[in-house]
Amino acid sequence: MCMKGPPTPLVEELSRLGYALMRLLLSRAKEIFAQEGVSLLQAEVLRLVGEGVQLPSRLAEQLEVLPSQVSHLLASLEEAGLLERHPDPQDRRRVLLRLTPKGEALNRRLKEAWLQAYGQQLARLSPEELLLFRDLMRKLTEVEGG
């Protein structure tokens, strides 16, 4: 079966480079979050709850982890005073999540630190390269037929 698209050696090189960039950024994110005393997953929970994800089940979906893992993450963030769980007024069996003021402040610091670190990586590109990179990333991440 003949592969349509770019030549295999180029696809292999781009695959290696994409993976290397992803690993570099993940490693940098882990360092930044560790300085604030949170794991990558804990930071992601703070970000998602800060963006309005209120249900633990939705968190599990977004994080692609088991509900039991979310439960442990929430417990650790609650113990640290970063997050609160409240009964849902519409359905008392459900729990709603929200960040505490301490959690909101940490979430802001994490976002700022991450944007600064990612910005330092991007600063290696010229203004023209940045716009091209953005356009290429948009093209590669847009949903087929969407």
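So the values come out like this:
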| read-out | value |
| --- | --- |
| Residue list for segment 76-94, filter: closer than 21 Å to G37 by Cα and either over 25 Å from the mean Cα position of the chain (by Cα) or exposed (fewer than 12 other Cβ atoms within 10 Å of the Cβ) (or both) | E79 |
| Those residues of segment 86-107 which are in contact with a Pro (Cβ under 8 Å, 6 or more places away or on another chain), modelled with pLDDT of 95 or more and among the charged types (D, E, K, R), in sequence order | none |
| Matching residues, segment 103-146, being under 19 Å from S39 (Cβ atoms), among the acidic types (D, E) and either open to solvent by 100 Å² or more (accessible area, probe 1.4 Å) or assigned to a loop (DSSP other than H, G, I, E, B) (or both) | E112 |
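The values are calculated or read from the model by the stated rules, or taken from the named source; none is laboratory data. Nothing here was measured: the structure is a model prediction, and the numbers come from that model. Glycine also receives a Cβ, built like all others from the backbone with ideal geometry; neighbour counts cover every protein chain displayed. Keep in mind that these areas ignore ligands, DNA and RNA; they rest on the heavy atoms of the full protein, side chains included. Shrake-Rupley method; radii C 1.70, N 1.55, O 1.52, S 1.80 Å.
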